[in-house]
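Visitor: Can you keep this structure in mind? I'll have questions shortly.
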Amino acid sequence: MGKMSTKRDKNIYQTSREDVQLTRAAAAEKLYISASRIEKIENGSRPHPDEVLKMAECYHNPSLCNDYCCNICEIGQKYVPKIEMKELSQITLEMLAALNALSKEKERLIEITVDGKITGDEMPDFLSIQQQLEKMSLIIDSLQLWMKHAAISGDIDTSAIEQLES
């Protein structure tokens, strides 16, 4: 087996590869990407989207896709929020807190939108509710990322998920 890098400032692609204990040569074989290309990516060259997808699967790290979208893709930098990997308990507590806050704002949202217009005096409340909805969206994305990680690591039964989806 090859030696591990002693480089200090490793990027997410290198640390993800090393986390699954693959050398560049072994990763190249699994990814159908040359070892020299992997080295270039790990030293700062921009990966192609298809390379990131392959690495995310091979390295068991779906976070690579979100990282690519948030930090490299010009469209993603504008429209894709950074999703933090969290523990399920933290995600659950954040979701419950957000649901409680939204439950309190539900009546106000109905009042604001019932006439199909948002007036100037309603706008601050509407924007506050919108921010809470955006926060909930991030929590949902975090839960989905957790599920992908858990499925890859075998922590959850993916056959049950597949049955629900069909």
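Visitor: Name the residue, out of Ser45, Ser103, Ser36, that is modelled with pLDDT under 95 and either surrounded by 13 or more Cβ atoms within 10 Å (Cβ to Cβ) or farther than 30 Å from Ser128 by Cα (or both).
Guide: Ser45
Visitor: Let me ask something additional. Go through (1) open to solvent by less than 30 Å² (accessible area, probe 1.4 Å); (2) outside any helix (DSSP H, G or I); (3) over 23 Å from Gly154 (Cβ atoms) one by one and return the number of the condition Asp9 breaks.
Guide: (1)
Visitor: A follow-up question, please. Does Gln144 fit the bill of being closer than 30 Å to Leu64 by Cα and either open to solvent by 70 Å² or more (accessible area, probe 1.4 Å) or at pLDDT 95 or above (or both)?
Guide: Taking the combined requirement at face value, the residue satisfies it.
Visitor: Now, a different point. Evaluate segment 86-107: report whether one residue or more is under 19 Å from Gln14 (Cα atoms), assigned to a loop (DSSP other than H, G, I, E, B) and within 13 Å of the chain's Cα centre (by Cα).
Guide: no
Visitor: Quick check, is Asp125 more than 30 Å from Glu42 (Cα to Cα), assigned to a helix (DSSP H, G or I), at pLDDT 90 or above and not polar (S, T, N, Q)?
Guide: Considered against the rule, which asks whether it is more than 30 Å from Glu42 (Cα to Cα), assigned to a helix (DSSP H, G or I), at pLDDT 90 or above and not polar (S, T, N, Q), Asp125 comes out as yes.
Visitor: Could you count how many residues in segment 56-96 are of a type outside the set (Phe, Trp, Tyr) and in contact with a Ser or Thr (Cβ under 7 Å, 6 or more places away or on another chain)?
Guide: So the count comes out to 8.
Visitor: With the checklist (1) on the phi > 0 side of the Ramachandran plot; (2) free of Cβ contacts under 8 Å to residues at least 24 places away in the same chain in hand, flag the one item Lys78 doesn't pass.
Guide: Result: Lys78 fails condition (1) only.
Visitor: Condition test on Ile110, is it open to solvent by 60 Å² or more (accessible area, probe 1.4 Å), in a helix (DSSP H, G or I) and among the β-branched types (Val, Ile, Thr)?
Guide: Yes.
The values are calculated or read from the model by the stated rules, or taken from the named source; none is laboratory data. Keep in mind that this is a model prediction, so the values were computed, not measured. Every residue, glycine as well, gets a Cβ built from its backbone with ideal geometry; the counts of neighbours run over all protein chains shown. The protein model used for the area step is the full one, side chains on, heavy atoms only, and it has no ligands, DNA or RNA in it. Shrake-Rupley method; radii C 1.70, N 1.55, O 1.52, S 1.80 Å.
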